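Engineer: Quick one: structure below, then a few questions.
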Amino acid sequence: MVVALRDVEKRFGSVRALDRVTLDVGEGEILGLLGPNGSGKSTLLKVIARLTPPDEGTVTLPANGRAMMRRTGMLFDHTAHWETLTGYENAWFFARSYGMDPAAARERLESLFGLFDLLERWGDPVSTYSYGMRRKLGLIEALAHEPSLILLDEPSIGLDYRARITLAGLLRAAARRGAAVVFSTNDVNEAAGLAHRVALLDRGRLLVSGEPSALVRSLGARVTIELRLKGPVDPRPLSEVPGVEGVGAQEREDGFCVTVVAAPDESGPSSLLARIVHAVAGEGGVVVGADLRAPGLPDVFLAYTGEEPGAP
């Protein structure tokens with residue numbers, strides 16, 4: 001276990017930012033922190049990073065002091081850079097501060113600046129960088145020394161689409177080599193696509209944690225598939241498709257419509273849709289359109305917090 005929190009509390013005046021949070025993060029795991037604004041995500045990251053001490057509870061890390069700092073890569077909401085120095089000089093300072101060999105540091109930095117499309121600008125002063133470029137530079141500084149613990153507070157903010165893909169690839173690669181990654185986000189789709197496990201917080205409390213697919217299944221929500229056909233078919237055989245719980249059919253102005261309700265399974269909604277379409281074809285039906293509504297991580301967010309993801 002890389003990080004272990006036990007009954008952690010953090011208060012700011014009368015506000016309880018963290019309320020008896022117990023959470024573990026293992027080697028090679030990517031943990032996504034989700035929750036409404038003010039739920040405690042950033043505070044939790046800062047407590048793990050030892051930037052702010054907990055008022056109660058314990059935070060256990062595999063090392064302490066300078067040794068732990070050298071093994072940690074961090075990015076928070078405000079990145080600190082020397083404005084008059086170049087992007088490369090800023091990143092070089094961090095890489096060397098983390099103990100990187102000069103040759104290894106240059107090779108790694110050149111690779112990261114290239115991946116984030118900053119190579120042509122690495123010799124320019126940071127004062128000329130846009131917000132997005134500064135965010136990229138902050139990520140380069142956090143990842144250059146290949147840390148074993150990576151803590152990122154909403155790292156995709158300000159990044160273009162290609163940079164987001166690059167970041168996701170780098171974090172997956174870090175996890176494969178054994179690093180523990182903890183990131184916060186307000187984007188449930190980002191969490192669902194990147195995190196091995198998500199932790200949902202609200203008002204400082206940890207509401208639930210688990211694999212995204214397991215959390216979705218725990219809701220007991222159903223998949224709804226609506227098929228538009230060229231002509232009518234007998235819908236009754238569709239009820240024999242594994243997982244199907246209900247079938248309905250009706251004539252409409254735009255054609256014949258079949259609605260199927262099924263329980264989600266590990267094969268995923270696309271596999272279920274394929275089985276339904278195959279069964280319809282077996283009855284001589286011709287599908288001209290399909291709509292699928294499958295439960296997802298946004299439904300988990302709404303069920304536990306009562307808010308739509310991203311709501312203020």
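The values are calculated or read from the model by the stated rules, or taken from the named source; none is laboratory data. Worth saying up front: this structure is predicted, and the values here are computed from it rather than measured. When we count neighbours, we look across all protein chains shown, and the Cβ atoms used for this are built from the backbone with ideal geometry, even at glycine.
Engineer: What residue, of Thr52, Thr58, Thr72, Thr84, is crowded, with 18+ Cβ neighbours inside 10 Å and out of contact with any Asp or Glu (no Cβ under 7 Å at 6 or more places or on another chain)?
Structural biologist: Values: Thr52 fails: crowded, with 18+ Cβ neighbours inside 10 Å; Thr58 fails: crowded, with 18+ Cβ neighbours inside 10 Å; Thr84 fails: crowded, with 18+ Cβ neighbours inside 10 Å.
Of Thr52, Thr58, Thr72, Thr84, the one residue that is crowded, with 18+ Cβ neighbours inside 10 Å and out of contact with any Asp or Glu (no Cβ under 7 Å at 6 or more places or on another chain) is Thr72.
Engineer: Now a separate question. Scan the stretch 94-126 for residues that are closer than 20 Å to Glu83 by Cα and polar (S, T, N, Q) and jot them down.
Structural biologist: Result: Ser97, single match.
Engineer: For residues that are among the polar types (S, T, N, Q) and without any contact (Cβ under 8 Å) to a residue 12 or more places away in the chain, scanning just the stretch 99-155, find the one that is nearest to Leu31 (Cα to Cα). Before the answer, list the steps.
Structural biologist: Kept after step one, since they are among the polar types (S, T, N, Q), are these residues of the stretch 99-155: 111, 127-128, 130, 148.
When the remaining residues are screened for being without any contact (Cβ under 8 Å) to a residue 12 or more places away in the chain, the result is 111, 128, 130.
Numbers: Ser111: 25, Thr128: 34, Ser130: 29 Å.
Among those residues, the one meeting the criterion is Ser111.
Engineer: Right, next: Please find, among Ala199, Ala173, Ala179, the residue that is crowded, with 19+ Cβ neighbours inside 10 Å, at pLDDT 95 or above, of a type outside the set (S, T, N, Q) and under 18 Å from Arg71 (Cβ atoms). Give the steps one after another, and end with the answer.
Structural biologist: Working: Ala199 fails: under 18 Å from Arg71 (Cβ atoms); Ala173 fails: crowded, with 19+ Cβ neighbours inside 10 Å.
The unique qualifying residue is Ala179.
Engineer: Still on this structure, I have one more. Does Gly193 satisfy the criteria of being in contact with a helix residue (DSSP H, G or I) (Cβ under 8 Å, 6 or more places away or on another chain) and surrounded by fewer than 21 Cβ atoms within 10 Å (Cβ to Cβ)? Give the derivation first.
Structural biologist: Numbers: in contact with a helix residue (DSSP H, G or I) (Cβ under 8 Å, 6 or more places away or on another chain): yes; surrounded by fewer than 21 Cβ atoms within 10 Å (Cβ to Cβ): yes.
Yes, satisfied.
Engineer: Which ones in the stretch 38-62 are more than 16 Å from Met74 (Cα to Cα) and either without any contact (Cβ under 8 Å) to a residue 12 or more places away in the chain or not hydrophobic (A, V, I, L, M, F, W, C) (or both)? Steps first, answer last, please.
Structural biologist: Going residue by residue through the stretch 38-62, those that are more than 16 Å from Met74 (Cα to Cα) are 38-40, 53-60, 62.
Gly38, Ser39, Gly40, Pro53, Pro54, Asp55, Glu56, Gly57, Thr58, Thr60, Pro62 - these are the residues of the stretch 38-62 that are more than 16 Å from Met74 (Cα to Cα) and either without any contact (Cβ under 8 Å) to a residue 12 or more places away in the chain or not hydrophobic (A, V, I, L, M, F, W, C) (or both).
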